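K.L.:
This is the structure I have questions about; it appears just below.
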Amino acid sequence: MTVELSPRAIEIIEQTKLLLAAGGYHGFSYADVSERVHIGKPSIHHHFPTKADLVLSVVARHREQAREGLAALDQHVEDPLARLTAYTDYWAKCIREGTLPMCICVMLAAESPMIPRAISDEVRAYFGDLSAWLASVLEQGAAKGQLRLRDDAQVDARTFMSTVHGAMLTARAFDDPETFATLTRAAIRQLAVPA
């Protein structure tokens, strides 16, 4: 069930998402959000009484948007290999343009032992959704003779997902957005059946 959010609440969520991508749960405060959306901290507390409420809303919205994006790929990109490429190209563009330099769920997963349980549960659910989608794409690609599974589809999906998220970290570590595209293209080549 989707909760209807006011335009101001959506702005708060979007700015918080950028702060999470930059520094994780403990890397920002309501003062940082206040500065970005140009409203006082009490107004933010009106929409999201606690930091945990705010971050949970951000992650839930991110998860919903990811599910919608993956469903759109399924609907508009018939070829499984092209779907994997479109998925990694989305992130390559975000990283290159700086619009979302890191998946917020990757940042929050690293902090999982130190964040509220409800948030870590939502992050885990995000990864469950993504790995299930990837497994489905890999199975379809194997059935069409485009992709080869080295293990079962779920293990290969989690391996690919780990490579994508590791590539995000590596691009950040080297301060080189193109590193992400290079590593993810290599991961897709390893899955592809040679022509």
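K.L.:
In a GNM of the chain with a 10 Å cut-off on Cα contacts, which of Ala157, Ala21, Ala143 has the highest mean-square fluctuation?
P.N.:
Top of the fluctuation ranking is Ala143.
K.L.:
Over all Cα pairs of the chain, how is the pair count split among 10 Å bins, expressed in % and running from 0 up to the last occupied bin?
P.N.:
Percent of Cα pairs in each bin: 9, 33, 34, 18, 6, 1.
K.L.:
With the Cα gyration tensor of the stretch 68-147 in hand, convert its eigenvalues to equivalent ellipsoid semi-axes via √(5λ) and list them largest first in whole Å.
P.N.:
After scaling each eigenvalue by five and taking roots: 26, 17, 10 Å.
K.L.:
Continuing with the same structure: From the phi of every residue in the stretch 62-73, what ³J(HN,Hα) in whole Hz does the Karplus formula 6.51 cos²θ - 1.76 cosθ + 1.60 yield, where θ is phi - 60° and glycine or proline is x?
P.N.:
4, 5, 4, 5, 5, 4, 5, x, 5, 5, 5, 4
K.L.:
Which ordering of Asp74, Asp152 is given by a fewest-first count of other beta-carbon atoms within 10 Å?
P.N.:
Asp152, Asp74
K.L.:
Summing -39500 (n - 2.57) over the DSSP H runs of n ≥ 4 in the chain and dividing by its residue number, what mean residue ellipticity at 222 nm do you reach, to the nearest 500 deg cm²/dmol?
P.N.:
It comes out at -25000 deg cm²/dmol, rounded to the nearest 500.
K.L.:
Normalised by the residues of the stretch 7-191, what does the relative contact order come to in percent, with Cα pairs under 8 Å and at least six apart? Mind showing how you got there, number by number?
P.N.:
Values: 176 pairs, mean separation 42.0, N = 185.
Relative contact order, the stretch 7-191: 23 percent.
K.L.:
Within the stretch 125-157, report the trypsin sites (Lys or Arg not before Pro) that DSSP leaves as loop and that have at most 13 other Cβ atoms within 10 Å.
P.N.:
Details: sites: Lys144, Arg148, Arg150; in loops: Lys144, Arg148, Arg150.
Sites meeting the loop and neighbour criteria: Lys144, Arg150.
K.L.:
Considering the options His165, Ala118, Trp91, tell which one lies farthest towards the positive end of the dipole of the chain, charges being +1 on Lys and Arg and -1 on Asp and Glu at the Cβ, about the Cα centre.
P.N.:
His165
K.L.:
Set the bar at 22 Å for Cα to Cα. Now go through Lys51/Lys93; Lys41/Lys93; Lys17/Lys41 and name every pair that lies beyond it.
P.N.:
Table pairs above 22 Å Cα-Cα are Lys51/Lys93; Lys41/Lys93.
K.L.:
Let me ask something additional. Spelling out what I want: for every residue of the stretch 22-37, take phi, set θ = phi - 60°, compute 6.51 cos²θ - 1.76 cosθ + 1.60 (Karplus), and round to whole Hz; glycine and proline get x.
P.N.:
7, x, x, 4, 8, x, 8, 9, 4, 5, 5, 5, 4, 5, 6, 9
K.L.:
In whole Hz, what ³J(HN,Hα) sequence does the stretch 83-90 give by Karplus (6.51, -1.76, 1.60; θ = phi - 60°), x for Gly and Pro?
P.N.:
Whole-Hz 3J(HN,Hα) from phi for the stretch 83-90: 5, 4, 5, 4, 4, 6, 5, 4.
K.L.:
Placing +1 at every Lys and Arg Cβ and -1 at every Asp and Glu Cβ, with all other atoms neutral, what dipole size does the chain have around its Cα centre, in debye to the nearest 20?
P.N.:
200 debye
FYI, it's all coordinate maths here, none of it is from the lab. As the structure is a prediction and not an experimental result, all values here were calculated from the model. Note that we place each Cβ from the backbone using ideal geometry, even for glycine, and neighbour counts take in every protein chain shown.
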